[in-house]
Amino acid sequence: AAVPSCPEWVVRDLVRHQGGVHRWAAGIVGTPRTEPWRAGLEEIVGTWPDDEDLIGWFSEGAENLAGTLAGADPAVRCWAFLAAPSPLAMWSRRQAHETWVHAVDAELAAGWPPGGVAPAFAADGVSELLTCFITRPGDDLKADPPRRMRVRCADADGDWLVTIGPDRIVTTSPGPVSGEAGTAAEVEVSGDAGDLYLALWNRRPASVLTVRGDADLLGLFLDRVRVRWS
């Protein structure tokens, strides 16, 4: 079946990708590897399973990753690519959200609506995207002069001010009062955490959100922000 949220994939590609990423992450934490592991998924996996073995292979990799993360020393020193209190915290968080978002891809491929998600978990996924992913150097999202977008969760703690500049993005927490000094934004985007989570990851249409102000700025964000395997 085609995966509408990943237009170049069918479900086989989706399951292979996620199973490969689980093995990649487990290899980094479990070895541990202190340098980036730049290998392609084919090299990491070795031989892709046949279709009849694909789900068992996927489950084996997911269980191994969960066991590796649960059993790791909290102070393990390994490579990490996003800001976090520790490398283990980064990998645990990243793989939780990676797996959830791709689970939504599978649901969409099956023609199902995305399943429910705990508001606190969804808000954490929004936070990871806005404070970790898009603030890395080299992101495609740029604006000159700088522009500001505020994102607020309606059903969980979460309030972010994203300042998009010509060469970097800065995300801060402006506080609970909209219009507070220093927090003026061209657009304010709000909604339940689950809707924000999936819409900002391009898995749900932005029409589910409440948008006040310059909707084109939200459109720029959705057009430019893409998280890719590399």
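Each value in this text was obtained by applying a stated rule to the coordinates, not by laboratory testing. Note that the structure is a prediction, hence the values are computed from the model and not measured. When we count neighbours, we look across all protein chains shown, and the Cβ atoms used for this are built from the backbone with ideal geometry, even at glycine.
Using the Cα centre of the chain as origin and beta-carbon charges of +1 (Lys, Arg) and -1 (Asp, Glu), tell me which of Leu14, Ile134, Val29 is placed farthest towards the positive end of the dipole.
Farthest along the dipole direction, towards plus: Ile134.
Order the peptides 30-38, 203-211, 12-20 from the highest to the lowest mean number of other Cβ atoms within 10 Å of their residues. Don't jump to the answer; show the numbers that get you there.
Details: 30-38: 12.3, 203-211: 15.3, 12-20: 18.8.
The peptides rank, most packed first, as 12-20, 203-211, 30-38.
Rounded to the nearest 500 deg cm²/dmol, what is the calculated helix-only ellipticity per residue at 222 nm for the chain, with -39500 (n - 2.57) per DSSP H run of length n ≥ 4? Numbers along the way, then the final one.
Details: 7 runs with 94 residues, N = 230.
-13000 deg cm²/dmol, from helical runs alone.
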